[in-house]
1. Assigning unit charges at the beta carbon (Lys, Arg +1; Asp, Glu -1) and nothing else, what dipole magnitude in debye, to the nearest 20, does segment 366-467 show about its Cα centre?
2. Which Cα, out of 171, 427, 282, lies furthest along the positive dipole direction of the chain (beta carbon charges, K/R +1, D/E -1)?
3. Over the chain, what is the relative contact order in whole percent, taking alpha-carbon pairs under 8 Å and six or more residues apart?
4. I'd like to know which of 185, 392, 212 lies farthest towards the positive end of the charge dipole of the chain, counting +1 on Cβ of Lys and Arg and -1 on Cβ of Asp and Glu.
5. Can you give the alpha-carbon Rg of segment 168-300 over 2.2 N^0.38 Å, where N counts its residues?
6. Would you please put 19-32, 291-304, 397-410 in order of how densely packed they are, using the mean number of other Cβ atoms within 10 angstrom per residue and starting with the highest?
7. Could you state the accessible area per residue of segment 78-173 in Å², with a 1.4 Å probe and every protein chain left in place?
8. How big is the C-alpha Rg of the chain next to the rule-of-thumb value 2.2 N^0.38 Å, as a ratio?
Amino acid sequence: METIVILDFGSQFTQLIARRVREAGVYCEILPFNSPWHRIEQLAPRGIILSGGPASVTESTTPRIPMAVFDLGVPILGICYGQQVLAAQLGGKVEPGSHREFGRANLQIHVSDSPLFTDIPTDCHAIVWMSHGDRVSQLPDGFTTIATSANAPHAAISDENRKIYGLQFHPEVVHTQIGKKIIQNFVQLIVGCQSNWTMANFRNTAIADIRNKVGKGRVICGLSGGVDSSVVAVLLHEAIGEQLTCVFVDTGLMRRGEADQVVTLFRDHYNIPLVSVDASAAFFAGLAGVTDPEVKRKTIGAAFIDVFDREAKKFADAEFLAQGTLYPDVVESVSVLGGPSVTIKSHHNVGGLPERMNLKLVEPLRALFKDEVRALGRELGMPESLVGRHPFPGPGLAIRIPGEVTRDQVALLQRVDEVYLSEIRLAGLYDEIWQAFAVLLPVRSVGVMGDSRSYDQVVALRAVTSVDGMTADFYHFSHEFLGRVATRIINEVKGVNRVVYDITSKPPGTIEWE
């Protein structure tokens with residue numbers, strides 16, 4: 001399989017580079033810049049992309065490109081810090097810029113015949129996204145400036161003979177209008193990769209890999225009801241059939257009615273052996289008195305492992321455990337300079353299982369991003385109602401209740417959530433929105449309802465649009481819609497007397513929000 005290797009220097013956008021490469025139909029993997037050289041050689045990369053990063057090339061102790069990269073003789077694309085470090089190592093100069101540049105800039109293309117800008121008009125004056133303090137001040141021998149911006153005299157550079165390119169801006173973010181085309185040009189025209197990274201090919205390869213790894217062994221799959229674990233379960237069932245047993249742990253923290261939906265879908269529709277455990281009492285007991293969000297996550301994670309471990313031990317012949325680990329989980333678990341890309345959600349179990357479980361991991365989605373998992377689900381014929389479901393956090397509704405989590409609070413939020421999502425679906429908006437949810441705020445409001453005063457809770461509604469989950473904007477509901485939802489919630493959910501709508505956007509640079 002043709003592969004592009006992305007060397008990560010700690011950028012908050014590294015995963016977006018990988019997404020754009022895969023959107024061009026080419027497989028890629030992210031490796032830390034200081035990975036053992038044999039790891040890079042094993043992948044036999046057709047091309048190398050150097051990510052941005054928080055460091056400054058002007059400091060002697062900051063990361064450098066392994067010189068063996070240049071000896072590979074494959075095309076190289078450096079982005080932001082990646083451009084600066086390749087320029088410095090090849091004999092150019094990098095200096096602190098007279099003006100730091102963060103945000104949108106106008107790009108002026110000067111070399112129309114560069115393959116990097118194929119099918120991009122030279123007079124387009126495209127908007128690109130900048131995020132830098134330093135800049136290249138002198139080019140290495142053999143390089144030419146092919147594009148500029150007001151504060152970046154070498155916004156894009158190239159050495160066409162060696163097929164080495166550098167960009168001061170970030171083509172991977174959606175704010176760069178021509179970014180997707182630039183990355184496509186690099187991997188397809190310059191590197192020469194074929195667009196053969198498809199879910200049909202992945203499905204066939206994954207099934208063969210599962211059968212080869214598992215053999216005649218039994219696999220236990222932790223089924224949460226979310227998209228990831230559901231796709232894992234269906235893929236495994238197609239690969240090994242009755243060798244699979246799914247264990248569904250009902251934490252009591254899911255949306256209203258979802259536990260029953262999971263059991264019905266997998267036990268009745270797919271006929272997959274399923275063990276369903278109502279462990280809600282244990283989870284609520286563990287959460288009693290807990291208010292810190294991270295403690296909640298860890299408490300829920302520990303309780304889940306305890307329950308799951310107890311159930312798994314009932315299958316003495318089980319050798320493997322299947323998990324819905326995704327590629328972002330894998331990448332975020334690798335520390336690069338302590339930069340933003342190392343942030344890891346504490347409820348993911350990327351580091352492996354407790355030794356006491358004595359099971360070998362099967363992680364068939366480990367190479368996929370979220371959107372690719374959805375595509376695989378569709379390839380497997382799974383219902384759109386499940387495949388297209390909005391992201392839902394592992395700890396469930398517990399992290400959408402600031403303060404102590406109780407059964408009554410969860411039941412209240414479940415009813416609010418049910419009304420909110422039902423109105424979104426009735427309006428035909430569900431698929432336009434990347435994620436919508438309600439939060440039960442830790443405040444109460446005095447109001448007049450009918451002929452009496454009420455002292456009840458306040459809920460916040462949130463809905464966002466996003467292409468990649470790295471940046472997001474609030475969804476622009478009409479006032480009529482918001483009024484209709486608020487009226488229904490207050491009328492139908494006893495205990496709530498005020499509804500607010502969160503219009504916070506998520507700009508580039510923040511890693512996680514829920």
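The values are calculated or read from the model by the stated rules, or taken from the named source; none is laboratory data. Note that the structure is predicted; figures quoted are calculated from it, not measured. No Cβ is skipped: glycine too gets one built from the backbone with ideal geometry, and neighbour counts run over all protein chains shown. Quick note on the areas: whole protein, heavy atoms, side chains included, nothing else; ligands and nucleic acids left out. Shrake-Rupley method; radii C 1.70, N 1.55, O 1.52, S 1.80 Å.
1. Details: 12 positive and 13 negative charges, 49 e Å.
Roughly 240 debye for segment 366-467.
2. The listed residue farthest towards the positive side: 282.
3. Values: 989 pairs, mean separation 58.7, N = 514.
Computed value for the chain: 11 percent relative contact order.
4. Sorting the options by dipole projection puts first 392.
5. Numbers: Rg = 21.1 Å, N = 133, 2.2 N^0.38 = 14.1 Å.
Against the empirical 2.2 N^0.38 Å value, I get 1.50 for segment 168-300.
6. Descending packing order for the listed peptides: 19-32, 397-410, 291-304.
7. 40
8. Against the compact-globule rule of thumb, the ratio is 1.07.
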